[in-house]
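J.: One structure follows; several queries about it will come next.
The values are calculated or read from the model by the stated rules, or taken from the named source; none is laboratory data. Note that this is a predicted model, so its numbers are computed, not measured. Cβ coordinates were reconstructed from backbone atoms using ideal geometry, including for glycine residues, and neighbour counts include every protein chain displayed.
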Amino acid sequence: MSLADDLNRNLRDGSPVLAAALSELGRRTAFPPDIPHQAAEARGKELNATIGQVTDGAGAPLAPASLRSAFGGLERKDTDRAILYSPIEGIAELRRLWSDRLGRSASAPFTLPQVTVGLTHGLSLVADLFAGPDRPVAIAAPFWGNYRQIFALRRGARVVTGPAYRDGRFNPRAIVEALAGEEPGRPAVAILNFPSNPGGYSPTAEERRQLVAGLLEEADRRPLVVVLDDAYAGLIYEEGVPAGSLFWELADRHPNLAPIKVDGATKELSFFGGRVGFLTFALPPDGAAAAALESKLKCLLRAAVGSPPAASQVALIGALRDRATPGQIEAIRQRLAARYRALADALSDVDRYLLEPLPFNSGCFALIALKENLELDSNDVRRELLERYDTGLIAIAPRYLRIAFCSVRRAALPELVGRIERAVRGMAGRPLGTGG
Ligand SMILES: Cc1ncc(COP(=O)(O)O)c(C=O)c1O
């Protein structure tokens, strides 16, 4: 029996739903017992001649002083760790620190987080394991466009969508609607992203209840892997909007539903360029199923990026160890909350014959829809704003414009809204066919 067969059997014992939902690639995957495996077994031995990194013979790197000095603020031990290879699964201390952070809101067992190269890579690993040709991947639309590249372009999965909003309100049944035409019994992947990109929306307690009820219903029909893309976790600005991840509400709720948490330092700690993400399953950390998944993840990670970058993991370890960090993150959240309020105020006065702001309450973005009867294309409006108003937004075809208020000064947000309004009014007043 092959190593992968062994892992698949262990996974079936510990998580029948994840085993049933594995892709063909996911089934074949197992961390091979080659160099990193053997090097990990030799860690701490007096003579370790396993791995191709240049050291002083006692575990410290031989590196140019100029490189070392780039880590000037670090203790020697941390500088060494930043320069040497990271373990494939991530640096143990960082995994523990992130696990402690998750543990503060945990209501179910969870695996030790696997370090990934940003959240994109975590999602891509999920796609490798659970998406493949013709596998439906359900997403509320509009959604972060990279999901299409990650799941459909790279893995051949079929993206199916339901409307994120209906009649100007959040639609908690978007995933169920997206999967309505799918043959029962066949596995599916669903992606949830709150606070959302591009919507900047997090469901209320009642909307969460409906959303979870819909997913549990769906799991009566098929094995369902639910990916919680928690990129913007914590950026909540309204009282009464729950801040916790839906991961915890979905863990251990249905034998046919497996939540997977994708999160990381990118937005949660404003470490955008650090490329440190994490991938966590709702399974006991010491079980054989967790080990099987870790083996598969390490195999795929090694095949794509070798190992995750050590330097940014060490930087993140420093931030997570520092007691001042939570207060500093809160100060950033408060600045964003002020921008959120300024934008919400400015949009509350916007000309409703031109623009329809969709509900937003969290995260980094707000979404506005061009009124349908204007027959304007959002990309034309975006171009007009670039060319005549010195202003950049993101167009989401055919009618949406996304405002990233996280990167605009609070005082400038009313002017930003004014420019959008003026641009759209100008274009709507033009004879049709003159472009923009
Ligand atoms: C919803 C969502 N998920 C994932 C990511 C990717 O995060 P990272 O930059 O860590 O790859 C982003 C980044 O913009 C995002 O908006």
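J.: I'd like the full set of residues that are more than 12 Å from the ligand (Cβ to nearest atom) and either in contact with a helix residue (DSSP H, G or I) (Cβ under 6 Å, 6 or more places away or on another chain) or assigned to a helix (DSSP H, G or I) (or both), limited to region 126-135.
T.: Within region 126-135, ALA127, ASP128, LEU129, PHE130, ALA131, GLY132 meet the criteria.
J.: Do you know which residues across region 270-289 are over 19 Å from SER23 (Cβ atoms) and either assigned to a helix (DSSP H, G or I) or within 11 Å of the ligand (Cβ to nearest atom) (or both)?
T.: PHE271, PHE272, GLY273, GLY274, ARG275, VAL276, GLY277, PHE278, ALA288, listed by residue number.
J.: State the number of residues belonging to region 20-70 that are surrounded by 15 or more Cβ atoms within 10 Å (Cβ to Cβ) and either within 30 Å of ARG221 (Cβ to Cβ) or in the same structural domain as ARG186 (by TED's automatic domain parsing) (or both).
T.: Adding up the residues that qualify gives 8.
J.: Next up: Looking at region 77-120, which of its residues are among the hydroxyl-bearing types (Ser, Thr, Tyr), closer than 23 Å to SER15 by Cα and away from the ligand (no atom under 16 Å from the Cβ)?
T.: Answer for region 77-120, where residues must be among the hydroxyl-bearing types (Ser, Thr, Tyr), closer than 23 Å to SER15 by Cα and away from the ligand (no atom under 16 Å from the Cβ): SER99, SER105, SER107, THR111.
J.: Right, here's the next one. Return a yes/no flag: does region 351-373 have any residue that is charged (D, E, K, R), surrounded by 15 or more Cβ atoms within 10 Å (Cβ to Cβ) and not assigned by TED's automatic domain parsing to the domain that holds PRO242.
T.: Yes, there is a match, as at least one residue in region 351-373 is charged (D, E, K, R), surrounded by 15 or more Cβ atoms within 10 Å (Cβ to Cβ) and not assigned by TED's automatic domain parsing to the domain that holds PRO242.
J.: Go through (1) away from the ligand (no atom under 16 Å from the Cβ); (2) out of contact with any Phe, Trp or Tyr (no Cβ under 7 Å at 6 or more places or on another chain) one by one and return the number of the condition ASP229 breaks.
T.: (1)
J.: Here's something else I'd like to know. Given the criteria of a type in the set (S, T, N, Q), under 14 Å from the mean Cα position of the chain (by Cα) and within 21 Å of ASP128 (Cα to Cα), does ASN193 qualify?
T.: yes
J.: Now for a different question. Looking at region 136-149 only, could you name the residues that are surrounded by fewer than 24 Cβ atoms within 10 Å (Cβ to Cβ) and either among the hydrophobic types (A, V, I, L, M, F, W, C) or away from the ligand (no atom under 15 Å from the Cβ) (or both)?
T.: The answer is PRO136, ALA141, PHE143, TRP144.
J.: In the set GLU177, GLU182, which member is more than 16 Å from the ligand (Cβ to nearest atom) and over 23 Å from the mean Cα position of the chain (by Cα)?
T.: It is GLU182.
J.: Before we move on, is ALA157 within 16 Å of the ligand (Cβ to nearest atom), under 23 Å from LEU293 (Cβ atoms) and either touching a residue at least 24 places away in the same chain (Cβ under 8 Å) or not assigned by TED's automatic domain parsing to the domain that holds PHE281 (or both)?
T.: Criteria not met by ALA157.
J.: Could you please find all residues in region 58-81 being acidic (Asp, Glu) and in a helix (DSSP H, G or I)?
T.: Across region 58-81, the qualifying residues are ASP78, ASP80.
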